[in-house]
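The values are calculated or read from the model by the stated rules, or taken from the named source; none is laboratory data. Here the structure is a predicted model, which means the values were calculated and not measured. Here the Cβ positions follow ideal geometry from the backbone for every residue, glycine too, while neighbour counts run over all protein chains shown. Areas reflect the complete protein model, heavy atoms only, side chains present, ligands, DNA and RNA absent. Shrake-Rupley method; radii C 1.70, N 1.55, O 1.52, S 1.80 Å.
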Amino acid sequence: MLLNRKGNKHRRPSKAVRVATLAGVAGAAVAVPLMGATNASAASVATWDAVAQCESGGNWSINTGNGYYGGLQFSQSSWAAAGGTQYAPRADLATKSQQIATAEKLLDMQGPGAWSCAGAGNLTNDGVDPGVDAGSGAAKQEAAPKQEAAPKKAERTEAPATNRSDRSDAPKKTVTTPTGKKVAKGDGEYKVVAGDTLSKIAADRHVKGGWERLFKLNKDIVQDADLIYPGQQLHLTK
């Protein structure tokens, strides 16, 4: 399953926090054609099977309605970020080979930490080309059900701490993603770097309450717990 299911799891928040952060290719919305796994980060089919067994019981067409799809439990944002939509609208509508090809790209983008079940398959960037033939186009002829717009996350209701009360009056600084989209930069004490996820930052910086607390503290700049970008500055405490 991808970042942060089981808030920044592929990020099914309760199982793993998945955040697409790349140096120079930071935007998780970048759809990159997947011609095959690269030697820079690749894993064998057997390894992906083991991860899928842990993530979904090995069901490559699973869709339980919890927002995570397919054998490797992609969130919709992670599936799109790694270019999976060139094959199918969602991961559960793609073939096993297409899901693995997309997972190879996500592995290159985020590393093994994108899956909470990475340990189950001993998933690493081992350079083993799985040799899958993803083909091109949608995997299934069935029409994908119309996707309803995801409900907007509830706005922060708690009053900001006194020492941050002036933030709303400060100039709105932004970070530009590779797609040209501008996202809020923030003014926190921690600057996001390539490879970061909310769960990794929370663990490294000993944030009490884990990634959920970190996400709550930065809801004003992190709109999707799956997506943070190099250059954004996160608050670790109030």
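Among (1) of a type outside the set (Asp, Glu); (2) touching a Ser or Thr at 6+ places or on another chain (Cβ under 9 Å); (3) on the phi > 0 side of the Ramachandran plot, which single condition is Gly57 missing?
Unmet condition: (2).
Which one is nearest to Gly113 (Cα to Cα) among residues in region 172-210 that are assigned to a helix (DSSP H, G or I) and either open to solvent by less than 70 Å² (accessible area, probe 1.4 Å) or at pLDDT below 85 (or both)? It would help to see each step written out before you state the result.
So the first thing to find is which residues in region 172-210 are assigned to a helix (DSSP H, G or I), and the list is 198-204, 210.
Those left that are additionally either open to solvent by less than 70 Å² (accessible area, probe 1.4 Å) or at pLDDT below 85 (or both): 198-199, 201-203, 210.
Numbers: Leu198: 11, Ser199: 9, Ile201: 12, Ala202: 13, Ala203: 12, Gly210: 15 Å.
Here the answer is Ser199.
Filter region 211-231 down to residues that are assigned to a loop (DSSP other than H, G, I, E, B) and within 16 Å of the chain's Cα centre (by Cα), then give me how many there are.
Total satisfying the criteria: 9.
Looking at Ala139 and the list (1) crowded, with 18+ Cβ neighbours inside 10 Å; (2) at pLDDT below 60; (3) more than 28 Å from Leu93 (Cα to Cα), which single condition is not satisfied?
(3)
Which pairs have Cβ atoms under 9 Å, sit 6 or more apart or on different chains, and link a residue in region 69-87 that is surrounded by fewer than 24 Cβ atoms within 10 Å (Cβ to Cβ) to one that is modelled with pLDDT of 95 or more and among the charged types (D, E, K, R)?
Once the first residue is surrounded by fewer than 24 Cβ atoms within 10 Å (Cβ to Cβ) and sits in region 69-87, its partners that are modelled with pLDDT of 95 or more and among the charged types (D, E, K, R) give Gln76/Arg90.
Give just the number: which of (1) within 12 Å of the chain's Cα centre (by Cα); (2) more than 17 Å from Leu227 (Cβ to Cβ) does Ser77 not satisfy?
(2)
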